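The values are calculated or read from the model by the stated rules, or taken from the named source; none is laboratory data. Every value quoted in this text rests on a predicted model; they were computed, and no experiment measured them. Backbone-built Cβ (ideal geometry, glycine too); neighbour counts: all protein chains shown.
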Amino acid sequence: MSMSFPETLMISDGYDTANTSNDRLLVRDISPFQAAVERGDAYAWAAVTEDWASGDTLIAVENNDTKRDLHIERVVVGTKTTGLAVVHVGTGVAIAGDAAYTLNLNFGSSKTCSVTAITDETGNGAAAASFIGRVKTLGVLANYNYTWNVRGALILPADCFVAVDAVGDWAGGSATIWGWFEDAQ
């Protein structure tokens, strides 16, 4: 008994329709970050534009979720004056300062995240025992936003944080950290 198949087969996941033609399935690959955005598990935390003194922590984001790891997607830093920024990680300290702006990147999602996101942070730094180490030093040109694409390679378990410090005095500096949550391994 032989079976015959149509020349073109339509496949749907309920959202998109894929066309199979000539025995080829056309698919779109998405990154883990994009998948997290679609689930409502991706966020951005921002420190608004402000003048910063040397050594100030523009922003710190601590993962407080005991069941999920925070994967950092990118860090964006900008200033009106040329300067350096240090991205560092730490643990074991209560970060303190003003609340940073938090945004779920899926505007249709009502999910919230379990983080402490602080701008003008005062509880950590190279001299504090919380400082694990410098991850990256960013050279930032005046009136330019520098983006460091980490693509999830920086993973923060519960009670660990990532922070951005100014090196030298900055006029009009800002920083944004983008990340997503995945179940802890």
Subject >> Residues (touching a Phe, Trp or Tyr at 6+ places or on another chain (Cβ under 8 Å) and not in a strand (DSSP E or B)) located in the stretch 105-123 >> reply: L105, C113
**OP:** Give the residues of the stretch 95-123 that are polar (S, T, N, Q), over 15 Å from A36 (Cβ atoms) and either at pLDDT below 95 or crowded, with 17+ Cβ neighbours inside 10 Å (or both), sorted by residue number.
**Re:** T116, T119, T122
Original post:
How many residues are among the small types (G, A, S), within 21 Å of G123 (Cα to Cα), modelled with pLDDT of 90 or more and assigned to a loop (DSSP other than H, G, I, E, B) if we restrict to the stretch 141-185?
Top reply: 1
**OP:** Please verify whether the stretch 168-185 includes one or more residues that are out of contact with any Asp or Glu (no Cβ under 7 Å at 6 or more places or on another chain) and without any contact (Cβ under 8 Å) to a residue 60 or more places away in the chain.
**Re:** no
Original post:
If the Cβ limit is 8 Å and pairs must be 6+ apart or interchain, which residue in the stretch 140-156 that is within 19 Å of V89 (Cβ to Cβ) pairs with which residue that is of a type in the set (K, R) and surrounded by 13 or more Cβ atoms within 10 Å (Cβ to Cβ)?
Top reply: T147/R74; W148/R74; W148/K136; N149/R74; V150/R74; R151/R74
**OP:** State all residues of the stretch 142-174 that are crowded, with 16+ Cβ neighbours inside 10 Å and not aliphatic (A, V, I, L, M); if no residue qualifies, say none.
**Re:** W148, G152, C160, F161, D165, W170, G173, S174
Subject >> Cβ pairs under 9 Å, 6+ apart, first in the stretch 99-120 and closer than 28 Å to W52 by Cβ and in contact (Cβ under 8 Å) with a residue 60 or more places away in the chain, second polar (S, T, N, Q) and in a loop (DSSP other than H, G, I, E, B) >> reply: N104/S110; N104/T112; C113/N64; V115/N64
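From the list V76, V86, pick out the single residue that is in contact with a strand residue (DSSP E or B) (Cβ under 8 Å, 6 or more places away or on another chain), of a type in the set (A, V, I, L, M, F, W, C) and at pLDDT below 95.
Values: V76 fails: at pLDDT below 95.
Step by step, each of V76, V86 is checked, and only V86 is in contact with a strand residue (DSSP E or B) (Cβ under 8 Å, 6 or more places away or on another chain), of a type in the set (A, V, I, L, M, F, W, C) and at pLDDT below 95.
Consider the stretch 175-185. How many of its residues are over 20 Å from G92 (Cα atoms) and surrounded by fewer than 20 Cβ atoms within 10 Å (Cβ to Cβ)?
Start the filter on the stretch 175-185 by keeping residues that are over 20 Å from G92 (Cα atoms), which leaves 175-183, 185.
Of the ones still in play, those that are also surrounded by fewer than 20 Cβ atoms within 10 Å (Cβ to Cβ) are 182-183, 185.
Within the stretch 175-185, residues that are over 20 Å from G92 (Cα atoms) and surrounded by fewer than 20 Cβ atoms within 10 Å (Cβ to Cβ) number 3.
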